[in-house]
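A short reminder: the numbers here are calculations on the coordinates, not readings from a lab. These figures come from a predicted structure and were not determined experimentally. As a convention, Cβ positions derive from the backbone with ideal geometry for all residues, glycine included, and neighbour counts pool all protein chains shown.
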Amino acid sequence: MTRVARVEPISKKQENKLIISGWRVIDVTVPDAPQEISQHESEPQAIEAARRFEAQTSQERGSDPDDTQDYDASDPQGGKRFL
């Protein structure tokens, strides 16, 4: 089964501010039972870890191929290709 990961900030509220102290990768393959996989200092590190985690099973028999949901955020098309 192809795994699905989510990246989310590790944050705490301090006075009227939200402080982000790191990033975590969550396995959401089973939506009702998310599990933390790892923690990272920066968002790019967490994104790369999530990509590696998802790719581990994409080549296994019976798994869906790795999708193409990733895109360059600086792309003005926002990952969309219009014909």
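Before moving on, here are some points about what is shown:
- Highest average packing first - 33-40, 15-22, Cβ atoms within 10 Å: 33-40, 15-22
- Amide H contacts under 5 Å for V4: V28, T29, restricted to partners 5 or more places along the chain or on a different chain, H placed in the peptide plane at 1.01 Å from N.
- The distance between label points at S11 and T57 comes to 2.9 nm (points 7 Å beyond Cα on the Cα→Cβ vector).
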